[in-house]
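Everything below concerns the one structure shown next.
The values are calculated or read from the model by the stated rules, or taken from the named source; none is laboratory data. Here the structure is a predicted model, which is why all the values come from computation and not from measurement. Here the Cβ is made from the backbone with ideal geometry for all residues, glycine too, and neighbour counts use every protein chain on show.
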Amino acid sequence: MPKPLIQVQLVSGRRIAAVQLHVGFTYGTYTKVFQEVQRLKEINLELLFSEYPAKVLWERKFPSVLLRRDEYSRQAAAALPVYKMTALFESGPLEENSGKHSAMVVNWVQDEMNPILSPRNRQALRALAWEEHAKDFR
């Protein structure tokens, strides 16, 4: 079995692993967003609360979170980091006999491609309440 793309041990002690990863540009095809601050704020809020690309990457409806969403929402008039990463993470089941694994889509943004999960985003991921957001699957 290949090594997972990203492995993290959460503060709760649970281990999670990214089994699929999508990397794209945060603003994608938006053009001239930096010309109008009001338009940039609207686009940022749309991006921060959108389930894209999670909705189109996987057929199943996985729960989805964006790391550091509150932080970015408070500064919505500023440009977001360049890259938007979307990963499908899996772990053991939440409840015994309820499924083969638990899963969740985690999104984050950052300015550099390497490392794939920046130290700041890794810290936010470690603090994630997996048991509150993830879902069991068979």
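Residues that are of a type in the set (D, E, K, R) and modelled with pLDDT of 85 or more are absent from region 54-66 altogether. Considering (1) surrounded by fewer than 18 Cβ atoms within 10 Å (Cβ to Cβ); (2) under 18 Å from residue 128 (Cα atoms); (3) touching a residue at least 12 places away in the same chain (Cβ under 8 Å); (4) not hydroxyl-bearing (Ser, Thr, Tyr), the lone condition that residue 112 does not fulfil carries the number (2). Confirm whether residue 27 is surrounded by fewer than 18 Cβ atoms within 10 Å (Cβ to Cβ), modelled with pLDDT under 90 and either under 26 Å from residue 12 (Cβ atoms) or not β-branched (Val, Ile, Thr) (or both). The answer is yes for residue 27. Name the single residue, out of those in region 87-138 being farther than 16 Å from residue 14 by Cβ, over 13 Å from the mean Cα position of the chain (by Cα) and in a loop (DSSP other than H, G, I, E, B), that is modelled with the lowest pLDDT. By that ranking, first place goes to 97. Against the list (1) free of Cβ contacts under 8 Å to residues at least 60 places away in the same chain; (2) farther than 19 Å from residue 27 by Cα, the condition residue 89 fails is (1).
Flag: residue 14 matches the condition of being among the charged types (D, E, K, R), at pLDDT 95 or above and crowded, with 16+ Cβ neighbours inside 10 Å.
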